[in-house]
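The values are calculated or read from the model by the stated rules, or taken from the named source; none is laboratory data. Quick caveat: nothing in here was measured; it's all calculated off a predicted structure. Note that each Cβ is placed from the backbone with ideal geometry, even for glycine, and that neighbours are counted across all protein chains shown. We work out accessible area using only protein heavy atoms, side chains counted, and drop any ligands, DNA or RNA first. Shrake-Rupley method; radii C 1.70, N 1.55, O 1.52, S 1.80 Å.
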Amino acid sequence: MTDRLTRDDVTVIERETVYQGYFRIDRYRLRHRLHAGGWSGEVMRELFERGHAVAILLYDPARDALVMIHQFRIGALAAGLEPWLAEIVAGIVEEGETPEDVARREANEEAGCVVTDLIPACYYLVSPGGATESVHVFCGRVDSTGVGGIHGLAAEGEDIRVTVIPADEVLAMLHRGELLNSATVIAVQWFALNRDMLRQRWG
């Protein structure tokens, strides 16, 4: 039995792009070592390539409030759910950008907020069984005075409603199962564990 397998224990036989649109789908043919020893047979998998993302939970420690956004999501509609979801700010990492760059840019574009301090929360793979997408999650300090209204880039078809919600109410939304976006759930759970630390650090 093998204790630990690595990237070196995978042989990619072929990779081809089978769809290229707003996103991309690649098909892989591969073999990999088995935990019990030996090699698998040939495995074929389609992989969704949508890039890598950054999500940022915007927190105003003076008001003990979180800046939330609401926007249309086709995946929720197709899943039979209400398609306007309560989320945190997020965006795709473009070439040459750092995750920190993206967090600050998206906070301004999607919520009209200037981030004055940034704390890394976590990093995770969204759905590693079929997609490459990963997410860097941050918590950003903001002054939410005057924040709200409609934001987003018209060129990207964004129509984003911004609201400032007391932190206790956002935590109640989490407990009621009203937060359905994975980055939002993860970030708010992180906030629940680290709220005292944030208030001590940011006053």
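Numerical summary
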| item | result |
| --- | --- |
| Cβ-based charge dipole, the chain, positive-most Cα from GLY148, GLY130, VAL162 | GLY130 |
| Using alpha-carbon coordinates, inclination of helix 182-202 to the longest axis of the chain, degrees | 50 |
| Of all accessible heavy-atom area on segment 12-106, the percent that carbon and sulfur account for (1.4 Å) | 53 |
| Top of GLY41, GLY112, GLY140 by mean-square fluctuation, Gaussian network on the chain, Cα under 10 Å | GLY41 |
| Degrees separating the helix 99-111 axis from the principal Cα axis of the chain, which is the longest one | 50 |
| Estimated 222 nm signal from helices in the chain, with DSSP H stretches of n ≥ 4 weighted -39500 (n - 2.57), rounded to 500 | -7500 deg cm²/dmol |
| Whole-number accessible area per residue in Å² for segment 7-147, which is evaluated in the context of all protein chains at 1.4 Å | 55 |
| Most positive-pole-ward Cα, GLN20, TYR59, LEU5, against dipole of segment 3-80 from beta carbon charges | GLN20 |
| Magnitude of the charge dipole, the chain, Cβ model with Lys/Arg +1 and Asp/Glu -1, debye to 20 | 560 |
| Other-chain or far-sequence residues with amide H under 5 Å of VAL114's (modelled H) | ASP143 |
| Electrostatic dipole magnitude of segment 124-203 [Cβ: Lys, Arg +1; Asp, Glu -1; Cα centre; debye, to 20] | 320 |
